[in-house]
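Novice: What follows is a structure written as structure tokens; I'll ask about it next.
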Amino acid sequence: MRFSTACVATLSAGVVSAGSWFAGSQDVIVGEATKVPGDSPLEFCDSDHSKDIVHIDQVDLLPNPPEAGADLVIRATGTVLETIEDGAYVNLVVKYGLIRLVNTRADLCEQVSNVDMECPIEKGVLSITKTVQIPKEVPPGTYNVHAEVVNRDGKPITCLEATVKFGGSRSMGDL
């Protein structure tokens, strides 16, 4: 469970600290996944982001890729276009290869406490730096994370995906 908490913390930092993407619009062509600016494995989901409440400028992870048993420093910046209030949630799916490890709906306001924030998240420019511990027990392999974030009315806040490979050679998670 600590691994899924680290995943949510990483994605929450990207979600809640988000500006004008590429100094312009955050429009994403449907059918084309787009990398989140910065040094991280994060990508925007393959969907229309023109109405997202959060616009992400940059997310940097150190180290990138994250390492089992090491501290992960998350730096994220961007803009929240509308206040995010209680009732917002994250639909989180974490897979290890083809195996679904996590499939949950988490309260966003509870999760952002992992990055020392609380709801309501007021509109405006945000910058977050957070260090989280990645458990050393994380098995080697490829993990796919998908986080769709919406407000209490179902309006999209953002949607992010990441593929992270943890050390070792070929493992079951690479299948």
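We did not get these values from a lab; they are worked out from the coordinates using the rules stated. In this text, all values refer to a predicted model and were calculated from it rather than measured experimentally. Using ideal geometry, Cβ is built from the backbone for each residue, glycine included, and neighbour counts are taken over all protein chains shown.
Novice: Quick check: residue separation of Arg152 and Glu122 times 0.36 nm, minus the Cα distance between them. What number comes out in nm?
Specialist: Here the answer is 9.3 nm.
Novice: I need Arg152, Arg105, Arg75 ordered by Cβ neighbour count within 10 Å, fewest first.
Specialist: Final ranking by Cβ density, sparse to dense: Arg105, Arg152, Arg75.
Novice: Now a separate question. What ranking do Asp52, Asp39, Asp60 get, fewest neighbouring Cβ atoms within 10 angstrom at the top?
Specialist: With the fewest neighbours first, Asp52, Asp39, Asp60 line up as Asp39, Asp60, Asp52.
Novice: Let me ask you something else. At R0 = 25 Å, how high is the FRET efficiency between Ser50 and Asn114 if r is their beta carbon distance? Nearest 0.05 is fine.
Specialist: So the FRET efficiency works out to roughly 0.30.
Novice: Kindly flag which residue pairs out of Lys95/Lys123; Lys51/Lys165; Lys51/Lys123; Lys136/Lys165 have an alpha-carbon separation exceeding 25 Å in this structure.
Specialist: Going by Cα-Cα distance, Lys95/Lys123; Lys51/Lys165 fall outside the 25 Å limit.
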